[in-house]
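These notes concern the structure reproduced below.
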Amino acid sequence: SGGSYGLLRNAIIAEAGFNRSGIRVGFDKIHSDGYRDNNQFDRSTVGLTAGVGIGEKTNISFVLNYIDLFGQIPSSIDKSTYDHNPSAAAPTWKATEGYEEYYKLLNGLNLSRHIGKKSNFDAGIFWIIRNSYERRPFNILKEDIRAWGMRLKYSYSGILFHNKISFILGHEYFKDRYS
């Protein structure tokens, strides 16, 4: 698809499924020159999801998402500038060609198991990596983020003493490092 100000978006997705398993892979790229000065934008995304059924009661699924982004920042302008030249960038951001670029990787793995007809057990783990660099008029911002977490969940829904009951017991853990 395309549009004004150099907007161009390309996407392709492939899927396959068989029995209780499937996979989906996608790629997406967006480019825009932007309406305002210092406003170019480029983003590429790759995604993968997959699931496998093991027997009748167990599923394993995986997700991967990668984003690579570059975006110039026109920043805020005052009312007078907006009234006379709404496509202008803030002078300080235009002079330094201010922008942000980053990449982000997200992965996750999940196991789901039916235990009888009334109970389920889920276990998942994920990890995230994000690096960014932002050129600003007044400094440079560099960030490095690493994070991971896990989740365990047991759920039950059934009849006890002629009453419907449901409960969930679980544990979550999350750890990150930011610099």
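Condition check: open to solvent by less than 50 Å² (accessible area, probe 1.4 Å), in contact (Cβ under 8 Å) with a residue 40 or more places away in the chain and assigned to a strand (DSSP E or B). Does Ser112 satisfy that?
On the way: open to solvent by less than 50 Å² (accessible area, probe 1.4 Å): yes; in contact (Cβ under 8 Å) with a residue 40 or more places away in the chain: yes; assigned to a strand (DSSP E or B): yes.
It is true that Ser112 is open to solvent by less than 50 Å² (accessible area, probe 1.4 Å), in contact (Cβ under 8 Å) with a residue 40 or more places away in the chain and assigned to a strand (DSSP E or B).
Give segment 4-18 a look and list any residue that's within 19 Å of Ser32 (Cα to Cα) and small (Gly, Ala, Ser), or say none. Full working, then the answer.
Let us first name the residues in segment 4-18 that are within 19 Å of Ser32 (Cα to Cα), namely 4-12.
Once the filter is applied, which keeps residues that are within 19 Å of Ser32 (Cα to Cα) and small (Gly, Ala, Ser), segment 4-18 yields Ser4, Gly6, Ala11.
Using the structure shown, decide if Lys29 is open to solvent by 40 Å² or more (accessible area, probe 1.4 Å), among the basic types (Lys, Arg) and touching a His at 6+ places or on another chain (Cβ under 6 Å).
No: the conditions fail for Lys29.
Among (1) in contact with an Asp or Glu (Cβ under 7 Å, 6 or more places away or on another chain); (2) open to solvent by 50 Å² or more (accessible area, probe 1.4 Å), there is one condition Ala88 misses while meeting the rest; what is its number?
The number of the failed condition is (2).
If the requirement is being in contact with a strand residue (DSSP E or B) (Cβ under 6 Å, 6 or more places away or on another chain) and modelled with pLDDT of 95 or more, which of these qualifies: Ser132, Ser166?
Of the residues listed, the single one that is in contact with a strand residue (DSSP E or B) (Cβ under 6 Å, 6 or more places away or on another chain) and modelled with pLDDT of 95 or more is Ser132.
Residues that are closer than 30 Å to Phe41 by Cα, assigned to a strand (DSSP E or B), open to solvent by less than 70 Å² (accessible area, probe 1.4 Å) and touching a Lys or Arg at 6+ places or on another chain (Cβ under 9 Å): does segment 149-157 have at least one?
No, segment 149-157 contains no residue that is closer than 30 Å to Phe41 by Cα, assigned to a strand (DSSP E or B), open to solvent by less than 70 Å² (accessible area, probe 1.4 Å) and touching a Lys or Arg at 6+ places or on another chain (Cβ under 9 Å).
With (1) surrounded by 15 or more Cβ atoms within 10 Å (Cβ to Cβ); (2) farther than 30 Å from Thr92 by Cβ; (3) of a type in the set (Lys, Arg) as the list, and Arg36 as the residue in question, which single condition is left unmet?
Condition (2) is where Arg36 drops out.
Evaluate segment 84-103: report whether one residue or more is β-branched (Val, Ile, Thr), assigned to a strand (DSSP E or B) and out of contact with any Cys (no Cβ under 8 Å at 6 or more places or on another chain).
no
Can you tell me which of Ser119, Ser76 is open to solvent by 70 Å² or more (accessible area, probe 1.4 Å) and of a type in the set (Gly, Ala, Ser)?
On the way: Ser119 fails: open to solvent by 70 Å² or more (accessible area, probe 1.4 Å).
Selected residue: Ser76, the only one of Ser119, Ser76 that is open to solvent by 70 Å² or more (accessible area, probe 1.4 Å) and of a type in the set (Gly, Ala, Ser).
If I filter segment 122-148 down to residues being surrounded by 11 or more Cβ atoms within 10 Å (Cβ to Cβ) and touching a helix residue (DSSP H, G or I) at 6+ places or on another chain (Cβ under 9 Å), which single residue comes out as farthest from Ser21 (Cα to Cα)?
Checked segment 122-148; the qualifying residue farthest from Ser21 (Cα to Cα) is Pro137.
So that you can scan it fast, the table gives a plain yes or no per residue for (1) within 28 Å of Lys117 (Cβ to Cβ); (2) out of contact with any strand residue (DSSP E or B) (no Cβ under 9 Å at 6 or more places or on another chain); (3) modelled with pLDDT of 95 or more; (4) open to solvent by 60 Å² or more (accessible area, probe 1.4 Å):
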| site | (1), (2), (3), (4) |
| --- | --- |
| Phe41 | no, no, yes, yes |
| Ser44 | no, no, yes, no |
| Ile54 | yes, no, no, yes |
| His84 | no, yes, yes, yes |
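If you check every pair at least six apart or on different chains, which have Cβ atoms under 6 Å apart with a residue in segment 3-29 that is touching a residue at least 12 places away in the same chain (Cβ under 8 Å) first and a residue that is among the hydroxyl-bearing types (Ser, Thr, Tyr) and not in a strand (DSSP E or B) second?
Tyr5/Tyr35; Arg9/Ser1
The values are calculated or read from the model by the stated rules, or taken from the named source; none is laboratory data. What you see is a predicted model, and the numbers here were worked out from it, not measured in a lab. Cβ atoms come from the backbone with ideal geometry, glycine included; neighbour counts cover every protein chain shown. Heads up: the accessible areas ignore ligands, DNA and RNA and are worked out on the full protein's heavy atoms, side chains in. Shrake-Rupley method; radii C 1.70, N 1.55, O 1.52, S 1.80 Å.
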